Amino acid sequence: MLLRNAVGFAAALIAALALVSAETARAEDWPSRTVRLIVPYPPGGNADVVGRIVAHALQATLRQPFVVENKAGAGGLIGAEAVATAPKDGHTLLVSANGPILYAPELAPRKPYDWRTAFVPIGTVSLTSLALVVHPSLPAATLPEFLALARRDGEKLVFAAGGMGTSNHLFSELIQSQLHLTWTTAQYKGTAPAMTDLIGGHVQFGIDQISASLPFIRDGRVRALAVSGSRRTPWLPDVPTFAEHGFPNLVGYTFVAVLAPAGTPDDVVRRIAAALKSAIADPEVRKQIETLGAEPDTMLLGDFRAYLEKEAEVWLPVVRRASAPQ
């Protein structure tokens with residue numbers, strides 16, 4: 001009996017040591033094969049394009065294929081959940097904007113995951129300000145004029161939202177909550193059809209990423225009144241921030257970030273973070289991101305986690321109010 005127990009203990013010890021050895025080897029060798037970057041949106045959007053820029057840069061320096069895979073659906077939950085349940089070895093990563101990480105789980109019938117326990121935040125790649133844009137026929141050339149119009153005729157103003165729980169939609173809800181305003185929200189299946197109807201004059205205003213709205217602002221099809229960043233954007237230097245108008249709490253960005261499944265070994269996480277930092281420091285990569293109207297920005301590991309915690313404090317109450325039965 002003692003011999004059998006000893007043999008069993010020895011076998012278990014060998015298995016445990018082998019597992020530790022495999023984890024160590026994995027950390028030392030990462031990446032040892034193709035790395036999948038899961039983007040939880042259709043091709044062509046901001047996160048998808050930024051993800052492909054990053055994939056190309058990482059592949060060039062790490063000498064392994066980095067492949068972007070689009071897994072869209074359910075507000076980004078399908079792609080994000082695929083990463084949360086993937087092997088925890090650093091070869092499947094999430095490249096996502098705010099929604100699937102912070103907002104979409106709160107809007108789902110069942111909360112599929114909590115980012116704090118489902119993912120390891122690696123780092124941000126870019127930050128993009130939002131712009132409040134109006135149809136040129138609207139009698140408001142400045143933000144104060146728009147707000148005065150909203151206070152007087154808010155029910156007549158129709159806001160084109162790019163979908164329930166998007167950054168665009170939630171920033172509108174934040175403005176209404178902070179400034180005690182009310183207007184009519186029309187939900188669209190994406191920011192592109194929302195912008196199409198705004199350009200056509202079927203709605204009065206919208207809120208969209210500068211990276212998406214910049215061409216329409218430049219050719220005069222919409223008029224930008226304010227941007228959501230903490231400072232003016234170089235692409236619209238004449239457009240003030242909400243903060244400049246006396247609203248310091250009306251600050252918001254759409255980020256693109258990289259996350260790994262929770263449980264990924266710390267050494268692998270640090271290697272990914274270092275590779276990401278190096279990629280975003282490359283002048284050519286920065287130029288490509290800036291061409292999109294986005295700002296290259298790398299908050300890594302603990303700094304990124306702290307940023308997500310602050311974003312959750314601001315936005316989750318807004319998400320819950322927006323989704324509450326009326």
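The values are calculated or read from the model by the stated rules, or taken from the named source; none is laboratory data. Bear in mind that the values here come from a model prediction, so they are computed numbers and not experimental data. For neighbour counting, all protein chains shown are included, and Cβ atoms are generated from backbone atoms with ideal geometry for every residue, glycine included.
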Answer yes or no: is there a residue in segment 263-286 that is outside the structural domain of THR185 (by TED's automatic domain parsing), over 30 Å from ALA84 (Cβ atoms) and out of contact with any Pro (no Cβ under 7 Å at 6 or more places or on another chain). yes
Name the residue that is nearest to HIS91 (Cα to Cα), counting only residues in segment 315-326 that are touching a residue at least 12 places away in the same chain (Cβ under 8 Å) and surrounded by fewer than 19 Cβ atoms within 10 Å (Cβ to Cβ). LEU316
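I need the full set of residues from segment 297-315 which are charged (D, E, K, R) and either outside any helix (DSSP H, G or I) or under 17 Å from ASN249 (Cα atoms) (or both), in order please. Break it down into steps so the answer makes sense when it comes.
Initially, segment 297-315 is screened for residues charged (D, E, K, R), giving 297, 303, 305, 309-311, 313.
If the condition is that a residue be charged (D, E, K, R) and either outside any helix (DSSP H, G or I) or under 17 Å from ASN249 (Cα atoms) (or both), then ASP297, GLU309, LYS310, GLU311, GLU313 are the ones that fit.
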For strands (runs of 3 or more DSSP E) lying entirely in segment 156-262, having 3 or more residues that are modelled with pLDDT under 95, in contact with a Ser or Thr (Cβ under 8 Å, 6 or more places away or on another chain) and under 28 Å from VAL120 (Cα atoms) picks out 253-261
Limited to segment 174-206, what total is found for residues that are in contact (Cβ under 8 Å) with a residue 60 or more places away in the chain and farther than 26 Å from GLY44 by Cβ? 6
Output the residue which, of all residues in segment 40-62 that are of a type in the set (Gly, Ala, Ser) and under 17 Å from the mean Cα position of the chain (by Cα), is nearest to LEU276 (Cα to Cα). ALA55
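If I filter segment 132-148 for residues that are within 30 Å of LEU300 (Cα to Cα), under 16 Å from the mean Cα position of the chain (by Cα) and either assigned to a strand (DSSP E or B) or touching a residue at least 24 places away in the same chain (Cβ under 8 Å) (or both), do I get at least one hit?
There is no residue in segment 132-148 that is within 30 Å of LEU300 (Cα to Cα), under 16 Å from the mean Cα position of the chain (by Cα) and either assigned to a strand (DSSP E or B) or touching a residue at least 24 places away in the same chain (Cβ under 8 Å) (or both).
Let's see how each residue does on (1) crowded, with 23+ Cβ neighbours inside 10 Å; (2) among the polar types (S, T, N, Q); (3) in the same structural domain as GLY75 (by TED's automatic domain parsing):
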position	(1), (2), (3)
TRP183	no, no, no
THR191	yes, yes, no
ASP197	no, no, no
VAL227	yes, no, no
Could you list, in sequence order, all residues of segment 31-59 that are part of a helix (DSSP H, G or I) and touching an Asp or Glu at 6+ places or on another chain (Cβ under 9 Å)? ALA57
Across segment 67-124, which residue is nearest to ALA294 (Cα to Cα) among those that are part of a strand (DSSP E or B), modelled with pLDDT of 95 or more and among the hydroxyl-bearing types (Ser, Thr, Tyr)? THR124
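Scan ASP238, ASP208 and give me the residue that is surrounded by 20 or more Cβ atoms within 10 Å (Cβ to Cβ), farther than 30 Å from LYS88 by Cα and charged (D, E, K, R). Explain how you work it out, then say what you get.
Values: ASP238 fails: surrounded by 20 or more Cβ atoms within 10 Å (Cβ to Cβ).
Just a single option satisfies the conditions, and that option is ASP208.
Can you go through SER213, SER167 and tell me which one is within 22 Å of LEU308 (Cα to Cα) and either in contact with a helix residue (DSSP H, G or I) (Cβ under 6 Å, 6 or more places away or on another chain) or not assigned by TED's automatic domain parsing to the domain that holds ALA312 (or both)?
Working: SER213 fails: within 22 Å of LEU308 (Cα to Cα).
From the options SER213, SER167, the qualifying one is SER167.
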